[in-house]
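One structure is given here, and the rest of the page talks about it.
Please treat every number below as a calculation from the coordinates, not as lab data. Everything numeric here is computed off the predicted structure, so don't read it as measured data. Here the Cβ is made from the backbone with ideal geometry for all residues, glycine too, and neighbour counts use every protein chain on show.
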Amino acid sequence: MFKTIYVLVRDPISILKTFLNLNRRSINYIDELQFGFDIDIFLKNRIAYVDEIGKIDKPTLNAINRVLQDHGLSYYFHDDLSAKLFNVCNTHFIDMNEILGNMAYKTLCRLSDIFNIDKPNINDKEFYEHNFGEYNTWLPIKINLFNLIENDLIVIISDKHKMEYQNIDYVKLNKFLDLSNDKFLVLLKKDDQGVFFKSIDCFKNKFEKY
């Protein structure tokens, strides 16, 4: 049985650019923020970049050497070898740019026609075109409210498309806190909402300002 395969490819310059600018967790990364903690200190220690030997505060061209020496990034694709191993008779390449931004949904629709599968729902277009790397490492932010209401409730500020929090275990607090920015979600575990809403009149203004 002969097969057709699709290979996602990316040009080397694009790989280098992403590697240089991609932020990682800093050495002093704080996973859970205590309410009242200095925000400036928290944000200053949120992210880091890499150079040849470790993590640093700012992107550097020196990191290119690390990329070039990293054999994990040196994958290559060989048509003849794939044909012999997997009985591949047709190989199609998809450029990484075709699944980024406003091209993503169009590409998925085109692939659904080729593979004769269901097309993505138009209501999910925003999700497919969302830039998940925009707030990489910055979010989610977890805020422990113990210093505010003497209870270990954790409020989470997240990218609204973060799949980890797209379930029934969490409730959204945006409307209750009058937060209009629709790019983010303020979330709380459903089991904690009783204590939260019982205390909200006491700390709502303080929390919104923080």
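Multiplying the sequence separation of Leu61 and Phe146 by 0.36 nm and subtracting their Cα-Cα distance, what value in nm do you get? Write out the running numbers ahead of the final one.
Numbers: separation 85, 0.36 × 85 = 30.60 nm, distance 4.29 nm.
In short, 26.3 nm is gained.
At 7 Å along the Cα-to-beta-carbon direction for both Thr91 and Asn45, put a label point, then send me their distance in nm to one decimal.
That separation, rounded to one decimal, is 4.9 nm.
How much FRET efficiency would the formula 1/(1 + (r/R0)^6) give for Glu52 and Ile122, where r is the Cβ-Cβ distance and R0 is 35 Å, rounded to 0.05?
Details: r = 46 Å, r/R0 = 1.32.
So the FRET efficiency works out to roughly 0.15.
By how many nm would the segment from Asn174 to Asn102 lengthen if fully extended, with 0.36 nm per residue of separation less the alpha-carbon distance?
On the way: separation 72, 0.36 × 72 = 25.92 nm, distance 2.70 nm.
23.2 nm is the gain from fully extending Asn174 to Asn102.
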